[in-house]
Amino acid sequence: MDKKKKINKMLENFHYRTNDAMKAQAEEMGLSFTDIINIASLIEREAANDNERNVIASVIYNRLNRGMLLGIDAAVLYPYPDHEGAPTGEMLSADDPYNTRINPGLPPTPICNPGLASINAALYPENTYYTYYALDTETGEHRFFTDETEFANFVATQDYS
């Protein structure tokens with residue numbers, strides 16, 4: 001199957017699986033469906049498992065609502081598709097529209113094609129006060145924090161190289 005047919009198949013599948021109720025929920029949240037897909041793409045790339053998706057969504061919304069930078073490494077890495085591992089210092093400081101460490105708000109486009117679980121998490125986030133999360137390298141799951149110092153102290157104990 002050539003590239004154009006694959007893209008058309010993906011778009012057909014997307015339109016088949018999304019519905020008016022999803023679009024109405026986005027509107028009720030004061031967001032466009034495009035914004036929901038953008039947020040869902042961040043969730044898709046960040047979540048270590050399905051149980052984390054709605055909590056990660058809550059962190060994204062909490063940060064957006066407080067005017068905080070998103071600081072999502074998956075977005076920072078988007079312009080570097082061949083890079084493996086954590087972002088480098090150069091990537092984290094790069095003046096790039098996908099660098100959510102220096103640019104406020106959402107990246108300009110989705111960073112991947114999110115699945116329904118991530119779209120639903122973006123539409124129905126958990127209700128939390130978390131504003132930070134980091135991967136626990138021992139468990140492979142994320143830990144969530146409301147306090148920046150607690151978050152930074154935890155990150156300092158992890159080896160993300």
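The values are calculated or read from the model by the stated rules, or taken from the named source; none is laboratory data. The structure presented is a predicted model; accordingly, all values stated were derived computationally and were not measured. Every residue, glycine as well, gets a Cβ built from its backbone with ideal geometry; the counts of neighbours run over all protein chains shown. For the accessible areas, the whole protein counts, side chains as well, though only heavy atoms, and no ligand, DNA or RNA atoms are used. Shrake-Rupley method; radii C 1.70, N 1.55, O 1.52, S 1.80 Å.
Tallying residues that are touching a His at 6+ places or on another chain (Cβ under 9 Å) and without any contact (Cβ under 8 Å) to a residue 12 or more places away in the chain within the range 37-91 yields 0.
The single condition among (1) in a helix (DSSP H, G or I); (2) more than 30 Å from Y129 (Cβ to Cβ); (3) of a type outside the set (S, T, Y) that E27 does not meet is (2).
Residues checked against (1) under 25 Å from Y129 (Cα atoms); (2) assigned to a helix (DSSP H, G or I); (3) touching a strand residue (DSSP E or B) at 6+ places or on another chain (Cβ under 6 Å):
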{"site": "E12", "(1), (2), (3)": "no, yes, no"}
{"site": "N38", "(1), (2), (3)": "yes, yes, no"}
{"site": "N62", "(1), (2), (3)": "yes, yes, no"}
{"site": "P97", "(1), (2), (3)": "no, no, no"}
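Let me confirm something: among Y160, Y132, which residue is touching a residue at least 40 places away in the same chain (Cβ under 8 Å) and more than 14 Å from the chain's Cα centre (by Cα)?
Working: Y132 fails: more than 14 Å from the chain's Cα centre (by Cα).
The conditions single out Y160.
Does D95 satisfy being over 19 Å from D35 (Cα atoms) and among the acidic types (D, E)? Don't jump to the end; show me each part of the working.
Numbers: over 19 Å from D35 (Cα atoms): yes; among the acidic types (D, E): yes.
So D95 passes the test.
Candidates P114, P104: the one that is in a loop (DSSP other than H, G, I, E, B) and under 13 Å from the mean Cα position of the chain (by Cα) is P114. When A134, A40, A94 are checked against the criterion of being surrounded by 14 or more Cβ atoms within 10 Å (Cβ to Cβ) and either in contact with a Ser or Thr (Cβ under 8 Å, 6 or more places away or on another chain) or under 30 Å from L11 (Cβ atoms) (or both), A40 stands alone in meeting it.
Out of all the residues in the range 138-152, is one or more touching a helix residue (DSSP H, G or I) at 6+ places or on another chain (Cβ under 8 Å) and without any contact (Cβ under 8 Å) to a residue 24 or more places away in the chain?
Yes.
Report yes if H142 is surrounded by 16 or more Cβ atoms within 10 Å (Cβ to Cβ) and either within 25 Å of M10 (Cβ to Cβ) or not aliphatic (A, V, I, L, M) (or both), otherwise no. Yes. The residues in the range 67-91 that are at pLDDT 95 or above, assigned to a helix (DSSP H, G or I) and farther than 12 Å from P107 by Cα can be counted, and the count is 2. Among residues of the range 105-127 that are under 20 Å from R17 (Cβ atoms) and modelled with pLDDT of 95 or more, those with a Cβ under 6 angstrom from a residue that is in a loop (DSSP other than H, G, I, E, B) and open to solvent by 10 Å² or more (accessible area, probe 1.4 Å), sequence gap 6+ or separate chain, pair up as I111/Y78.
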